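Novice: Here it is, the structure in full.
The values are calculated or read from the model by the stated rules, or taken from the named source; none is laboratory data. The structure presented is a predicted model; accordingly, all values stated were derived computationally and were not measured. Every residue, glycine among them, receives a Cβ derived from its backbone with ideal geometry; neighbour counts consider all protein chains shown.
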Amino acid sequence: AMNSYVTLVGGKTYLTDEWTNVRPGILSLVGRNLHKNSNHPIGILRELIESRFKNLGYTFYNDFDPVVSVHDNFDVLGFPKDHPGRSRSDTYYINKDLVLRTHTSAHEPLCFKNCSTPGYFISGDVYRKDEIDRTHYPVFHQLEGGRLWSRESLGDSLVSQIESEIAALPKLDIIVEDDNPIFDAVQNPKQDHMSDLETKLITLHLKKTIEILVDQVFNEAKKAALETGSNVLSFEEPLRVRWLQDRFPWTTPSWQIEVWWNGSWLECCGCGIVKNEVLLKSGIANSIGWAFGIGLDRIAMLLFGVPDIRLFWSNDDRFKKQFSANQISVFRPYSKYPGSVRDISFWLPEKTMEASALHENDLMEIVREVAGDLAESVKLIDEFVHPRTGKRSQCYRVNYQSMDRSLITEEVNALDEKVREALRSSYNIELR
Ligand code: PHE
């Protein structure tokens, strides 16, 4: 039989086999790197989070290859052989040994091993076969974090070191609901190589760190919303979060943080204390620490008021041009149906008396009155003064466009005629 291959953006080629289930539509998204684009909501959100953790002992990795081994994505993290996440109906296999990573946790062992700072952050695109609707897409983005303390280098000062690091973390203006015991022997057992006190301290440091992250994301969004006067984001003060127990194959105990946002609890970030066997398998002995992973897309949808996750992948300038680095701006929807423009030119009277003067806002009012939401935009595109008569001419361009259907020419002509009629009858101007 002939060998067949898949080729990724950038030209890397992989041999396929009976496990291969990636399709061209998915492969074409690999390498878009939205998380590295400073002018894209996903990239803006990543940078917003990273900025809060600069100079606090973290290295930031944003360039890992989304093609990883089954070993890195599942085996080393302790996923059982029959875990549903491994199935070909959940995961995109390049071939039996390689997958498109289903989470950034696939890079945890490497980072714990190689990172020269005590902690790290990883961001990247992750791939899961999923239902299709406005909040689910087979590609989304995660930000992973991890932190280790070495018994070898800290010795007897391990506990006091973690204690002083916790004490140095900033106090936050948020309400935290946390009924969890330090650990739950049945649901969420502590690890044998750690004392109760160590478990308690690592847990505290982990939870505080994630609370800082959530504070950064949601309180920054609040500030931005207030500055732009947007009413898309409504919220109570102060921010409320709650901690629930959770389970992950490579952490114990494990938790999930939820944020109270616009009237419901939003699942935000899974985390836990990294299992010793995972660290040992990764070549790290005598260390304790935590890891977390947060999904960026659903949070970016809320912060930027983006109603459909698919818009993040849009190549339309009307989407892309709305966002710029370090800014949380609220998305203004545009239509996927074509618009139709009509120009309106007129002479203004020589000496404009207040009563008859046409101000730009008056024109806007008339167009809005006549066309309602079908008026997508009105722009002054030309203006000049006649050299001899001294009369001023203006030309406005109106774009008529519907959010949910194509407009027919007759309808647009009728709207244009109504606007002209309203201008003619209300203002002392001379339509050209
Ligand atoms: N990778 C997990 C997920 O995708 C999140 C996680 C990361 C949980 C690190 C614990 C530790 O849901």
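Novice: For region 128-164, what are the residues that are among the hydrophobic types (A, V, I, L, M, F, W, C) and in a strand (DSSP E or B)?
Specialist: Matches in region 128-164: Val139, Phe140, Leu143, Leu148, Trp149.
Novice: Okay, next question. Hey, could you check region 268-305 for residues that are part of a strand (DSSP E or B) and under 14 Å from the mean Cα position of the chain (by Cα) and say which is nearest to Glu152 (Cα to Cα)?
Specialist: So the residue we want is Gly293.
Novice: Moving on to the next point. Can you spot a residue in region 223-245 that is within 16 Å of the ligand (Cβ to nearest atom) and surrounded by 18 or more Cβ atoms within 10 Å (Cβ to Cβ)?
Specialist: Within region 223-245, one or more residues are within 16 Å of the ligand (Cβ to nearest atom) and surrounded by 18 or more Cβ atoms within 10 Å (Cβ to Cβ).
Novice: Looking at (1) outside any strand (DSSP E or B); (2) surrounded by 18 or more Cβ atoms within 10 Å (Cβ to Cβ); (3) among the acidic types (Asp, Glu), which is the only condition Asp125 fails?
Specialist: (1)
Novice: Can you name the residue in region 101-122 that is crowded, with 18+ Cβ neighbours inside 10 Å and of a type in the set (D, E, K, R) and is also farthest from the ligand (Cβ to nearest atom) among such residues?
Specialist: That would be Arg101.
Novice: Can you name the residue in region 306-318 that is surrounded by fewer than 17 Cβ atoms within 10 Å (Cβ to Cβ) and assigned to a loop (DSSP other than H, G, I, E, B) and, of all such residues, is farthest from the ligand (Cβ to nearest atom)?
Specialist: For region 306-318, the residue satisfying everything is Asp316.
Novice: List the pairs whose first member sits in region 172-192 and is within 16 Å of Arg240 (Cβ to Cβ), whose second member is among the charged types (D, E, K, R) and exposed (fewer than 12 other Cβ atoms within 10 Å of the Cβ), and whose Cβ atoms are under 9 Å apart, counting only residues at least 6 apart or on separate chains?
Specialist: Asp173/Glu237
Novice: Taking the stated definitions as given, is Ile299 within 15 Å of the ligand (Cβ to nearest atom), aliphatic (A, V, I, L, M) and under 27 Å from Ser116 (Cβ atoms)?
Specialist: no
Novice: Something else: Can you pull out the residues in region 257-284 that are within 14 Å of the ligand (Cβ to nearest atom) and either more than 15 Å from Gly146 (Cα to Cα) or outside the structural domain of Leu148 (by TED's automatic domain parsing) (or both)?
Specialist: Once the filter is applied, which keeps residues that are within 14 Å of the ligand (Cβ to nearest atom) and either more than 15 Å from Gly146 (Cα to Cα) or outside the structural domain of Leu148 (by TED's automatic domain parsing) (or both), region 257-284 yields Ile257, Glu258, Glu267, Cys268.
Novice: Let me ask you something else. Might you let me know whether region 231-239 holds any residue that is part of a strand (DSSP E or B), at pLDDT below 95 and either assigned by TED's automatic domain parsing to the domain that holds Thr203 or not hydroxyl-bearing (Ser, Thr, Tyr) (or both)?
Specialist: Yes, that holds for at least one residue.
Novice: On to the next question. Could you check, for region 134-147, whether at least one of its residues is of a type outside the set (Gly, Ala, Ser) and away from the ligand (no atom under 16 Å from the Cβ)?
Specialist: Yes, region 134-147 contains at least one residue that is of a type outside the set (Gly, Ala, Ser) and away from the ligand (no atom under 16 Å from the Cβ).
Novice: All but one of (1) surrounded by fewer than 19 Cβ atoms within 10 Å (Cβ to Cβ); (2) of a type in the set (A, V, I, L, M); (3) away from the ligand (no atom under 16 Å from the Cβ); (4) more than 17 Å from Arg46 (Cβ to Cβ) hold for Ile212, so report the exception by its number.
Specialist: Checking Ile212 against (1) surrounded by fewer than 19 Cβ atoms within 10 Å (Cβ to Cβ); (2) of a type in the set (A, V, I, L, M); (3) away from the ligand (no atom under 16 Å from the Cβ); (4) more than 17 Å from Arg46 (Cβ to Cβ), the one that fails is (4).
Novice: Against the conditions (1) under 24 Å from the mean Cα position of the chain (by Cα); (2) without any contact (Cβ under 8 Å) to a residue 24 or more places away in the chain, where does Ser153 fall short? Just the number, please.
Specialist: For Ser153, the failing item is (1).
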